[in-house]
Amino acid sequence: MLANSRDNGGDSTPDEDQGLIRCICDIDDDDGFTIQCENCLVWQHAVCVNIDQDNVPEEYLCEKCNPRKLDVK
């Protein structure tokens, strides 16, 4: 799941669109372009995991749910 904003309109009911940003960059700010792991539901900055507007996958798994080498800058 991709999000440009994780705001749910002020509704305080938690859902899958809200949650923890746990990015490989160790910064937990919402930069406005995040992607959510389909398995554990954490959010990551799309740019940090080499995803841009032109290559958004149908399903995304974070580096913990799908271990792989990532270029951590």
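Please verify whether the range 1-16 includes one or more residues that are out of contact with any His (no Cβ under 9 Å at 6 or more places or on another chain) and at pLDDT 90 or above.
no
Being open to solvent by less than 30 Å² (accessible area, probe 1.4 Å), farther than 18 Å from Lys69 by Cβ and in contact (Cβ under 8 Å) with a residue 24 or more places away in the chain is the filter here; which residues of the range 36-45 pass it?
Gln36, Trp43
The values are calculated or read from the model by the stated rules, or taken from the named source; none is laboratory data. In this text the structure is predicted, and so the values were computed from the model without any measurement. Every residue, glycine among them, receives a Cβ derived from its backbone with ideal geometry; neighbour counts consider all protein chains shown. Please note that ligands, DNA and RNA were not included when accessible areas were found on the heavy atoms of the full protein model with its side chains. Shrake-Rupley method; radii C 1.70, N 1.55, O 1.52, S 1.80 Å.
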